[in-house]
Amino acid sequence: MAHQWRGVIREYAERLPVTEATKVITLGEGGTPLVHAQQLSALTGSDVYLKVEGMNPTGSFKDRGMTMAMTAAVAAGAKAVVCASTGNTSASAAAYATAAGLKCVVLVPEGKISMGKLSQAIAHGATLLQVNGNFDDCLDIARKLGESYPVFLVNSVNPARIEGQKTGAFEVVDWLGDAPDFHVLPVGNAGNITAYWKGYKEYCAPFESATAGTLPAVSTRTPVMWGFQAAGAAPFVAGHPITEPDTIATAIRIGNPASWDTAIAARDESGGVIEAVTDEEILSAHRWLSAREGVFVEPGSAAGVAGLIKKHAAGEVPAGKTIVITVTGHGLKDPQWALRTEDGSEVQPVKVSNDVVTVAMALGLEEK
Ligand code: AN7
């Protein structure tokens with residue numbers, strides 16, 4: 001019988017802070033496709049793979065961390081959870097809170113989250129407040145609420161989130177048979193680069209499991225980590241927080257990343273970089289993925305691909321390597337960008353009358 005994926009907690013229970021007795025809150029997250037990107041591979045002369053996180057239950061990588069955070073919330077006896085979000089965390093928190101039977105409060109920056117993500121939080125019954133401020137302001141309030149009020153914080157400052165998200169690295173190694181040479185991803189609040197690096201390091205050494213003794217190393221190496229931020233929201237490139245972050249990639253419109261030190265550690269321990277890509281480069285990579293690879297992502301998710309293309313143009317991508325890029329969220333989250341041409345004009349579908357000859361003419365077809 002084919003193996004049914006059981007969600008990241010049950011698949012990787014020995015490497016997570018859970019026991020047999022833990023009540024697991026899951027929607028079947030993880031087990032996402034690692035797609036061989038044929039055109040990016042042809043471009044670079046390396047084997048480039050896309051870890052397609054839009055295939056998670058709520059359409060982003062956040063579900064890997066949210067299954068752990070919501071499981072921890074239930075274990076702690078919480079009745080309500082809270083998060084700040086640029087959109088995907090709120091969509092995920094709302095869905096997993098529903099599955100857990102908990103109330104969910106989400107704080108989002110007013111006017112700066114995509115329609116798809118807003119719809120998800122509302123559909124799952126979260127109490128959504130639009131804060132007159134940016135994501136960093138929302139996170140500040142969410143942290144204070146968690147400290148002083150009876151609500152459980154499920155942002156990635158909660159270590160359970162990082163534990164869940166590290167399973168992305170495990171899946172890459174399990175699929176490829178070893179760690180890639182490079183792992184590339186977008187960086188916003190910096191939880192994901194922290195989590196991947198933790199996962200890669202744990203898989204590359206004997207692991208002291210809380211439930212299963214000492215587990216042997218699975219991989220022989222760890223990758224070089226390459227993170228990319230939007231140029232208007234690139235605190236790691238500036239070397240300090242940004243007070244007015246701005247980018248069309250609203251998912252990563254973050255100026256004061258919570259996981260600052262661990263992201264710097266991932267960069268430096270791995271011999272990697274965190275660099276910036278412009279909104280134009282992000283939209284161009286977004287178009288590349290949909291039109292050349294067959295993978296539809298939201299703009300923020302294309303930042304890693306934009307970074308790889310930029311570094312290739314600068315002659316900084318070696319050939320003959322294995323490169324994995326996490327594309328973090330689904331294109332349907334924020335579909336409006338697909339309906340714009342490169343020069344910024346709106347795509348207008350061609351209208352035709354209800355008649356085969358007219359349709360054939362519109363297609364330039366001659367009768368056979
Ligand atoms: C598609 O949902 O911060 O560096 O509040 O939605 O781990 O923050 C989302 C971030 C990349 C950046 N790609 O990841 C939120 C939120 C997508 C995202 C990131 C986000 P981190």
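Since ASP268 meets every condition but one in (1) in contact (Cβ under 8 Å) with a residue 40 or more places away in the chain; (2) of a type outside the set (Ser, Thr, Tyr); (3) assigned to a helix (DSSP H, G or I), which condition does it not meet?
(1)
Among the listed residues VAL131, VAL187, which satisfies the condition of being within 16 Å of the ligand (Cβ to nearest atom), without any contact (Cβ under 8 Å) to a residue 60 or more places away in the chain and β-branched (Val, Ile, Thr)?
Details: VAL187 fails: without any contact (Cβ under 8 Å) to a residue 60 or more places away in the chain.
When all the criteria are applied, what remains is VAL131.
Could you check, for region 315-338, whether at least one of its residues is under 16 Å from SER284 (Cα atoms) and away from the ligand (no atom under 16 Å from the Cβ)?
No, that holds for no residue.
Out of contact with any strand residue (DSSP E or B) (no Cβ under 7 Å at 6 or more places or on another chain), among the hydrophobic types (A, V, I, L, M, F, W, C) and under 29 Å from ALA160 (Cβ atoms): which single residue out of ILE309, ILE274, ILE325, ILE264 fits that description?
That would be ILE264, the only listed residue that is out of contact with any strand residue (DSSP E or B) (no Cβ under 7 Å at 6 or more places or on another chain), among the hydrophobic types (A, V, I, L, M, F, W, C) and under 29 Å from ALA160 (Cβ atoms).
Does ILE113 qualify as being within 14 Å of the ligand (Cβ to nearest atom), more than 17 Å from THR71 (Cα to Cα) and modelled with pLDDT under 95?
yes
Among the residues of region 57-70, which ones are crowded, with 24+ Cβ neighbours inside 10 Å and either within 14 Å of ASN192 (Cβ to Cβ) or more than 10 Å from the ligand (Cβ to nearest atom) (or both)? Please lay out each step first, then the result.
Just the residues of region 57-70 that are crowded, with 24+ Cβ neighbours inside 10 Å, to begin with: 58-70.
Correct list: THR58, SER60, PHE61, LYS62, ASP63, ARG64, GLY65, MET66, THR67, MET68, ALA69, MET70.
Which residue pairs have Cβ atoms under 7 Å apart, sit 6 or more places apart or on different chains, and have a first residue in region 59-74 that is touching a residue at least 12 places away in the same chain (Cβ under 8 Å) and farther than 13 Å from HIS124 by Cβ and a second that is within 14 Å of the ligand (Cβ to nearest atom) and among the aromatic types (Phe, Trp, Tyr)?
Close Cβ pairs (under 7 Å, with a partner that is within 14 Å of the ligand (Cβ to nearest atom) and among the aromatic types (Phe, Trp, Tyr)) amount to THR67/TYR96.
Assess whether GLU275 counts as being over 14 Å from HIS330 (Cα atoms) and in a strand (DSSP E or B).
Here the answer is yes, as GLU275 does meet what is asked.
The values are calculated or read from the model by the stated rules, or taken from the named source; none is laboratory data. Because the structure is predicted, anything quoted here is derived from the model rather than measured. Cβ: placed from backbone, ideal geometry, glycine included. Neighbour counts: every protein chain shown.
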